[in-house]
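A quick write-up on the structure given underneath.
The values are calculated or read from the model by the stated rules, or taken from the named source; none is laboratory data. Bear in mind the structure is a predicted one, so any value in this text is a computation, not a measurement. Side chains included, ligands, DNA and RNA excluded: accessible areas come from the protein's heavy atoms. Shrake-Rupley method; radii C 1.70, N 1.55, O 1.52, S 1.80 Å.
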Amino acid sequence: MLPVRFAIDSLPVSRWRNGGGETREIVSWPQGAAQFDWRASVATIAQDGPFSAFAGIDRSITLIAGDSVRLWGEGGEDFILTTGKPLAFAGELALHATIGHGPSQDFNIMTRRTTLTAQVNSVVQSQTLPIGHSGVVLVIHGEGLLDDEILREGEGCWWSALSAPCVLTPQRRDSLILWADIKAR
């Protein structure tokens with residue numbers, strides 16, 4: 001499968017039931033299925049409040065805009081999200097979010113624990129993306145070159161089981177590009 005491009009601003013918006021934010025879904029795979037094997041999205045946290053729990057799902061969240069976010073739980077969990085640093089955790093954890101000054105935006109990857117694993121990396125040099133893996137690339141700052149296509153800030157692409165190797169290369173020293181590598185366990 002060849003990568004499918006997207007721009008955050010053009011993704012449909014779903015408001016949270018609790019009124020605390022919104023989600024822009026990049027992809028839920030397999031598309032149209034009742035349950036996802038993996039899902040990628042960008043969420044805006046607009047106010048303090050609980051995080052949704054997802055049993056059997058591993059999550060990775062990376063702050064991409066706004067002040068730091070604190071995720072904490074009654075079981076003693078206490079995490080601080082900072083820009084570009086992924087945090088992986090079990091979806092069952094009952095966590096609450098406390099935001100800094102104003103809304104924040106984060107990049108989310110969710111995988112079904114029994115079948116898949118995901119690792120979110122910052123791409124700092126030219127990187128060959130592996131055949132057979134699924135994945136998502138998102139440019140937070142700067143630009144990236146995916147083979148011969150430029151991806152600008154707020155743009156990215158996703159794929160399921162990449163059929164040919166692609167090379168991702170940051171185009172500026174200040175580029176911040178996230179790559180979620182999703183593969184079978």
Entry for P(r) over Cα pairs in 10 Å bins from 0, in percent (calculated from the structure that is shown) out of [x] 10, 38, 37, 14, 1; [y] 9, 31, 30, 18, 10, 2, 0; [z] 9, 33, 32, 19, 7, 1: [x]
Percent RCO, i.e. relative contact order, over the chain, from Cα pairs under 8 Å lying at least 6 residues apart: 23
For the chain: accessible area per residue (Å², 1.4 Å): 49
Stokes-Einstein D for the range 1-42, Kirkwood Rh over Cα pairs, 4 °C, 1.567 mPa s (µm²/s): 111
Relative contact order for the range 99-185, counting Cα pairs under 8 Å that sit 6 or more residues apart, in percent: 41
Solvent-accessible area, 1.4 Å probe, carbon plus sulfur percent, for the range 63-171: 51
